[in-house]
1. Treating only the Cβ of Lys, Arg, Asp and Glu as charged (+1, +1, -1, -1), what charge dipole size does the stretch B:5-177 show about its Cα centre? Round to the nearest 20 debye.
2. Could you tell me whether chain B comes out rounded, prolate or oblate from its Cα gyration tensor? Rule is a ≥ b ≥ c as square roots of the eigenvalues, rounded for a/c under 1.5, then prolate if a/b exceeds b/c, otherwise oblate.
3. Probe 1.4 Å, all protein chains in place: accessible area of A:V530 in Å², nearest 10?
4. Over all residues in B:151-163, what is the mean tally of Cβ atoms on other chains that come within 10 Å of each residue's Cβ?
5. When you look at the Cβ of every residue in B:56-68, what mean number of other chain Cβ atoms sits within 10 Å?
6. Could you give the length gained by full extension between A:R84 and A:I23, i.e. 0.36 nm per residue of separation minus their alpha carbon distance, to one decimal place?
7. If A:I391, A:I567 are ordered by their accessible area, calculated over protein heavy atoms with a 1.4 Å probe, which sequence runs from highest to lowest?
8. Assign unit charges at the C-beta atoms only (+1 for Lys and Arg, -1 for Asp and Glu), then state the dipole size of the stretch B:23-115 relative to its Cα centre in Debye, rounded to the nearest 20.
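The values are calculated or read from the model by the stated rules, or taken from the named source; none is laboratory data. Quick caveat: nothing in here was measured; it's all calculated off a predicted structure. In this analysis, Cβ positions are derived from the backbone assuming ideal geometry, glycine residues included, and neighbour counts consider all displayed protein chains. Ligands, DNA and RNA are excluded from the accessible area calculation, which covers all protein heavy atoms including side chains. Shrake-Rupley method; radii C 1.70, N 1.55, O 1.52, S 1.80 Å.
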Amino acid sequence: MAADALLVQSATYLGAAVVSVPIAERLGLGSVLGYLVAGVMVGPAVLGLVSGAEDVMHVAEFGVVMMLFLVGLELQPSKLWAMRGAVFGLGGAQVVATAAAVALAAVAAGLGLAPAFAVGLILAMSSTAMVLQALAEKGLLKSPAGETSFAVLLFQDIAVIPILAVMPLLAPGGGGGDHGAGAHADGGTLVDGLPGWAAALLVLAAVGVIVLGGRLVMRPLFMAMARLRMREIFTATALLLVAGTALIMESVGLSPALGAFLAGVVLADSEFRHEIETDIAPFKGLLLGLFFIAVGAGIQIDLILARPLAVAAIVLAVVAIKAAVLYAIARSARLNRSDALLTAIALSQIGEFAFVLIGFASQNRILAGDLAALLTASVALSMLTTPILLILFERFASGAETADDRPADAIDERNRVIIAGFGRVGQIVGRLLIGRGVPVTVLEHDAEQLEALRRFGFKLYYGDARRHDLLEAAGAAEAALLVVATDDKETTTEIVETARRNFPGLKIVARAYDRPHAYEVEEAGADRVVRETFEGGIEMATESLRVLGVPAFEANRLGRIFRRHDIETMDVLRVVRKTGDRDAYGLAFRQRREMLSSVLTRDVQTVPGTDDSGWDAETLRRESRGEG
Amino acid sequence: MPHKILLLFAHPSIRRSRVNRALLDAASAVAGVTVHDLYETYPDFAIDVDREQRLLLDHDAIVCQHPLFWYSAPAIVREWQDLVLEHGWAYGRHGRALEGKTWMQAVSTGGREGAYREDGLNRYSIDELLRPFEATAHLCHMVWQRPFVVHATHVAEAAEIDAAADAFRARLVALRDGSPVRVVV
């Protein structure tokens, strides 16, 4: 019976997603809005197909946890450390300023001081799930707006803990009421009833377990699983890691999402990063979808219909206040107008943590029951506004970057050579190889570029070469060579890494941006690395020498000597670089540069045929004179 | 009708050449001579075979001017021979493209003439040392001319260089206006 109910529920949710998301996508609305609308449709207000949306919500929150794990995977500890200013500066400013502004508005609307403050804190939260999903879909996570948004969201996730601690103090009678510290965890937590210092120790211990466990246990474990060569077990291990981390954090009353994020960061520089990423991503996507459907289903349409003006006023006021505060903060962080606006819009909704905090606040009798219901409806509704605002932003304010989530083409040929990226560099490689009669399979991820090139008669396939399944589909398992000619540094490194790990027999020739990137790509497993501007620069130098009157052959030879010297320099510096000693690197670089001038000068003297001898003429001439 | 002359010039470091530059300047001034600087045209040694073959077909006499390096020509001349004088085109049963054209070597040597004798430092005469080129011309059905040689460039004075240039000009004019001479050494 229970299994039946589960099947019915699953079918309903999946069906809603399958029907509404493609429609939303086709209409250019993005998947988040599609899920939300699907939720409204199957929810009690319209079709009434699902009832207990809260249960589903609980499962679906795991999607948020996974998303933060994936975000952590993208973020090496050093990068995270570098972000600390943005996280605490921008994030702190956002939470404090937004909470204050919202609280003021609430007081003006007639609320008491303590409840107004609580409302301010609750509504200051934005939706990590929605923002990251929406930005990732548009490929904006690495943009200035994406990074700022992420920093603020990270701070909010951290801030939930102190907010939960402060909340009970706002209760009437100051600190009365039942304040189970981890009220969002159903069964209570290990820290309940412990004295403060012990609780703090336990929290530290939990974080320590995640960090050390990630370093010492998970890596060897993943290694062993990878050797098993059973994909599903590897996937299970990755899922277990996320679930386990979430459990540990929850048991000490911390945000599971924060724990997963931490676990992700710990594994960010592991060699299995991309593998884990590809394994978890589909689960994350599905659960997040479920999450948004649950949010949609939870929207209390009847309440909204009963008090439409109140709800609309709250939603509009909150979104406006949040956006205004965020815009000011983003501008102060030197983002340009468009990026600041995008940040402001992206974070303008109220987040899923608000559901938890509202429940917690009403439990503590800080918020009256009807106000809590009104706020819950407003939170859900505010999530509907963001996708719409983002669409408007794209239409009118941004540089019209179109969302690019077209599926990869089916590849029907098997060639010995695969070229990833067919831009300025890839085309040269491709034309030369094709000209030589070497058939190549070309992968390109820029739809416009693709269409343009197809008009010129090139056969190309659309797809993201970072995905090992696409490489597999392109025949990487049987191919002899992969040429990675993509423009973006990180993309190139990722493709090389993925290809090297999944297809050990494949030779890889990769394009590098500069010397440091060349080392990076080498370490990722490329067999040959070509710096993209190297030969071009040498050619410009050679042509310059010719314009200065140096004969072509001599100029060319100087260029070739420079080329050899620089490649040797790469070898020398590679060794020094491994030591991580910046001073030694700089010194070695200067030494090599001095050496270069002596190498180039000497060559001028030893080029054969100074005067007509073919040998070292000056000495010979003296010898001849001596004879004569 | 005057013969059209193709001057294949090969010197890897023309800027520091005295004699060969003077010879080249002299040749450039002779009407009917096409100067073709191999090192300047192909600094990367990527010789365009089609273009070279067309040039050969367009001319009646080919003069290959270079300093004598290690009793032979600078490397690019050898590369040129390997690629341009194709089997089936320049030699072989059907290779008759160059038949009847004239081939002449114009070389400079650092040593004195006396050094190129049986009893000299180099033990062989220039004629003997240039045998590979003579045999090449023969195989390609071309008419071999006695080489033009400038000796003792190490110690050449300006007047001697001028004289060499004049002699070279006269030789080219004769080649242009006269009829090819079959030589038997």
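1. On the way: 18 positive and 24 negative charges, 26 e Å.
The dipole of the stretch B:5-177 has a size of about 120 debye.
2. Details: a/c = 1.43, a/b = 1.35, b/c = 1.06.
Rounded is the answer for chain B, as its axis ratio a/c remains below 1.5.
3. Around 80 Å² of this residue is reachable by solvent.
4. Numbers: counts 0, 3, 6, 14, 5, 2, 0, 0, 0, 0, 0, 0, 0.
The per-residue average across the peptide is 2.
5. Details: counts 0, 0, 0, 0, 0, 0, 0, 0, 0, 0, 3, 6, 3.
Mean number of neighbouring Cβ atoms from other chains: 1.
6. Numbers: separation 61, 0.36 × 61 = 21.96 nm, distance 4.01 nm.
Using 0.36 nm per residue and subtracting the Cα-Cα distance, I get 18.0 nm.
7. Working: A:I391 25, A:I567 70 Å².
Order by accessible area, largest first: A:I567, A:I391.
8. Details: 7 positive and 14 negative charges, 72 e Å.
Dipole size: approximately 340 debye.
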